[in-house]
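Trainee: Questions regarding the structure given below will be posed in turn.
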Amino acid sequence: MKVAWRAMGAGPKQRSDAVYPVLLFAGLLAVYALGASRTIFVGDSGELVTAAATLGIPHPSGYPLYVLLGWLWIRLVPLGSVALRMSLFSAVCAAGATSLLFAVGRRLELSRPVALFVALMAAWAPSLWSQANIQRVYALNALLLCAALWAALAGRNREKAGSTRLWPAFFLCGLGASNHTFMALVSVALVVFAVAEEGAAVLRVKRWAGWLAAFAAGLTPYLYLPLRSRMNPPLDWGDPQTPGRFFDVVLRRDFWDRSWLEGPRDLVPIGGNFLLGVGEETLWLGGALAVLGVAMALRKDRPVGSRRPATLLALVVIAANFVAMAFHGSRSDLFIWHRYYIPAYLMVALLAGFGLQRVVEWVARSKVGAEPVRGRALGVALLALCLPAALLLGGWRDFDRSRFEIADAYSRTLLEGLPPGAILAASDDNVLFVLLYLQWVEKVRPDVHLVPLGVGGAELPPLHFEPDREPLFFSHHPNWTLAQLDLVATGLAFQAVLAGAEPQRPPPLPPRLPGEEDPRVPKDYLTSNLVGQYHYMQGVAAEKSDWPRAQRQFAEAMRWAANNDVLFYNLGLIYRRDGLVERSLAAFERSYEINPRKLASAGNVRAGERVLELREELEELRRVERSFADVLGSLDGQDDALTYRQRMADSLDAAGHSRWAGGWRRLAEEAATGR
């Protein structure tokens with residue numbers, strides 16, 4: 001049996017094994033690069049690329065390693081736009097991570113087919129693939145995690161107890177923490193690994209001192225933050241020059257209040273969603289193999305030098321990832337984006353390899369004789385590769401970003417609609433960060449003065465401007481009201497004008513964003529929200545002049561951003577302002593259905609409070625409408641909807657309910673347009 005197993009490629013790592021990770025890396029990089037985003041992506045991408053290109057400081061924790069490596073990469077790889085270069089940087093990191101995972105599997109005495117299964121399950125898992133061809137920090141984090149795991153295994157010494165060399169792995173954890181702070185928790189998993197390997201031998205003070213020194217050395221990129229902040233870069237989130245502000249940034253203190261967790265009961269839906277994510281990432285069968293792998297590795301009858309220490313390490317990484325997310329994650333972090341669980345999913349892929357290895361061994365034992373054993377065991381391992389193949393075939397359409405230009409097009413359209421010398425106060429990551437990239441990196445519309453709201457807590461400074469000569473625009477409504485100023489939606493921005501004055505009208509907007517209806521362009525949650533915002537802004541701009549068109553745009557916004565609690569809340573406010581009480585209630589109810597807790601917006605509002613108010617208002621409206629039954633009873637709302645709505649509006653106006661009357665007039669406009 002032992003001879004047959006080595007014939008499959010198990011056992012000590014051979015020199016030829018070095019070729020396989022290289023070939024795997026090349027193949028994965030080709031696929032990732034083929035689907036890489038050529039333009040800036042939604043969300044944090046614009047800010048991160050801007051920081052890398054200009055040596056700035058992005059949002060906490062500052063990500064100094066990503067910024068420094070990105071700055072170097074941009075200059076060493078002059079291929080296409082800066083956005084494309086950083087997409088390729090992520091592709092290199094993701095391909096490197098999964099290739100290292102293959103090498104980890106071989107060090108843990110997995111056969112080559114099984115180690116390939118582990119690598120490909122990780123490579124084509126939706127979470128990692130979603131980050132492998134856009135501009136984000138998560139692929140680099142995956143690379144450093146796999147590198148630390150490989151270094152820990154490479155430092156094992158089974159010949160001599162108490163001599164496992166772990167300081168390179170601790171150094172990589174510290175280095176990784178300067179890219180993403182989760183890597184600091186991986187060092188705890190390394191300690192568990194060391195205890196499982198050596199027992200009481202790890203208690204020596206000298207060893208702990210060496211590990212701490214190596215970890216601290218890895219953190220040195222964080223020195224970049226205060227040093228660069230003193231130079232006043234354009235992007236300087238949190239101004240981390242003093243110790244207090246430095247730790248505010250590194251520890252993300254301003255972000256902890258976004259946590260969705262409110263009590264122990266919340267751990268149940270968080271845990272359930274996590275397990276659901278594991279199933280989706282592994283097509284469930286991989287998850288079952290991982291459970292089997294854990295059970296077999298932790299059995300007491302397994303050899304001491306087996307995969308038990310690595311299994312414990314993987315389980316601690318998974319547990320640490322879950323706990324960190326449960327106590328720190330926002331609603332969208334936990335239930336929409338699973339990219340934060342990439343470390344856990346990588347470990348699940350490895351554990352699935354342990355389970356598959358055990359299945360292969362069982363199959364190999366089912367018959368006596370070298371040739372049948374070898375053929376059947378190899379066949380099972382190769383058959384298991386159908387699982388990552390299914391992930392590849394099913395995921396390509398979702399993660400081919402080569403045609404993606406929606407974020408770029410939205411912000412370019414916004415900038416093109418502004419007059420020369422305009423001031424643009426921008427907010428919201430989906431819009432502001434892309435604007436930062438376009439203006440500060442690609443130098444689009446340098447005449448526009450961009451004021452980034454919310455970056456490092458920055459707010460709009462006291463304004464002293466002349467609206468006629470200094471046009472001021474907002475990418476989103478600032479939620480304030482001044483008697484002497486009107487905020488008028490023009491194009492994709494709100495312009496501040498003197499009360500009663502006409503705003504500067506931009507060129508007509510294209511009816512749709514490029515790729516909006518193209519099924520070959522994947523639309524994730526943030527992209528769909530941005531498309532929804534595009535139609536929402538068109539609706540707001542047409543609200544007073546062409547209500548039927550505004551309603552059509554609002555319907556499009558709701559179709560695209562069907563799970564955006566903030567958009568539905570804002571639509572509820574608009575409908576209520578326009579007297580459309582029933583539609584307002586429906587919008588607030590949808591917002592509450594999506595998120596029954598506080599919204600991620602200024603004031604921490606809750607849709608549920610508006611729902612209660614609107615239900616009472618709707619009851620009152622229906623009571624008033626019934627009081628007009630004698631006047632309107634002879635009219636059939638189906639046969640003569642326009643007349644019915646106009647007379648209802650007149651009756652409400654006469655009774656002093658002007659806002660409700662306005663709602664009925666808007667319904668009359670819709671009826672007139674529908675004729």
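Trainee: Answer yes or no as to whether S402 is at pLDDT 95 or above, hydroxyl-bearing (S, T, Y) and open to solvent by less than 20 Å² (accessible area, probe 1.4 Å).
Mentor: No.
Trainee: Something else: Can you tell me which residue is farthest from G417 (Cα to Cα) among those in region 541-578 that are small (G, A, S) and open to solvent by less than 10 Å² (accessible area, probe 1.4 Å)?
Mentor: G572
Trainee: Same structure again: Can you name the helices (runs of 4 or more DSSP H) wholly within region 579-667 that have at least 3 residues being under 22 Å from M558 (Cβ atoms)?
Mentor: Output list reads 581-594, 607-626.
Trainee: A further question on this structure: Take the conditions part of a helix (DSSP H, G or I), under 25 Å from V359 (Cβ atoms) and either touching a residue at least 40 places away in the same chain (Cβ under 8 Å) or open to solvent by 10 Å² or more (accessible area, probe 1.4 Å) (or both) and apply them to C93. Does it pass?
Mentor: No, not satisfied.
Trainee: Follow-up. Take region 51-66 and flag every residue that is open to solvent by 10 Å² or more (accessible area, probe 1.4 Å) and either among the aromatic types (F, W, Y) or in contact with a His (Cβ under 8 Å, 6 or more places away or on another chain) (or both).
Mentor: Of everything in region 51-66, just one residue is open to solvent by 10 Å² or more (accessible area, probe 1.4 Å) and either among the aromatic types (F, W, Y) or in contact with a His (Cβ under 8 Å, 6 or more places away or on another chain) (or both), namely Y63.
Trainee: Find all pairs meeting these conditions: Cβ atoms under 6 angstrom apart; at least six residues apart or on different chains; first residue within region 163-174 and within 9 Å of W211 (Cα to Cα); second residue outside any helix (DSSP H, G or I) and of a type outside the set (V, I, T).
Mentor: L166/G155
Trainee: Can F628 be described as open to solvent by less than 60 Å² (accessible area, probe 1.4 Å), in contact with a Ser or Thr (Cβ under 8 Å, 6 or more places away or on another chain) and at pLDDT below 95?
Mentor: Yes, satisfied.
Trainee: For region 514-540, what are the residues that are open to solvent by less than 10 Å² (accessible area, probe 1.4 Å) and more than 15 Å from L567 (Cβ to Cβ)?
Mentor: Those that are open to solvent by less than 10 Å² (accessible area, probe 1.4 Å) and more than 15 Å from L567 (Cβ to Cβ): E516, V521.
Yes or no, residue by residue, for (1) at negative phi; (2) in contact (Cβ under 8 Å) with a residue 24 or more places away in the chain; (3) surrounded by 24 or more Cβ atoms within 10 Å (Cβ to Cβ):
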{"residue": "A320", "(1), (2), (3)": "yes, yes, no"}
{"residue": "V323", "(1), (2), (3)": "yes, no, no"}
{"residue": "A326", "(1), (2), (3)": "yes, yes, no"}
{"residue": "R331", "(1), (2), (3)": "yes, yes, no"}
{"residue": "W337", "(1), (2), (3)": "yes, yes, no"}
{"residue": "Y345", "(1), (2), (3)": "yes, yes, yes"}
{"residue": "V348", "(1), (2), (3)": "yes, yes, yes"}
{"residue": "A352", "(1), (2), (3)": "yes, yes, yes"}
{"residue": "L356", "(1), (2), (3)": "yes, yes, yes"}
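Trainee: Okay, moving on. Please go through region 70-87 and pick out each residue that is in a helix (DSSP H, G or I) and more than 21 Å from the chain's Cα centre (by Cα).
Mentor: Those that are in a helix (DSSP H, G or I) and more than 21 Å from the chain's Cα centre (by Cα): W71, L72, W73, I74, R75, L76.
Trainee: Then there's this: Can you pull out every residue in region 212-241 that is more than 15 Å from V67 (Cα to Cα), at pLDDT 95 or above and open to solvent by less than 50 Å² (accessible area, probe 1.4 Å)?
Mentor: A214, F215, A217, G218, P240
The values are calculated or read from the model by the stated rules, or taken from the named source; none is laboratory data. Here the structure is a predicted model, which means the values were calculated and not measured. With ideal geometry, Cβ positions are generated from the backbone for all residues, glycine too; neighbour counts draw on all protein chains shown. These area figures cover heavy atoms from the full protein model, side chains too; ligands, DNA and RNA do not enter into them. Shrake-Rupley method; radii C 1.70, N 1.55, O 1.52, S 1.80 Å.
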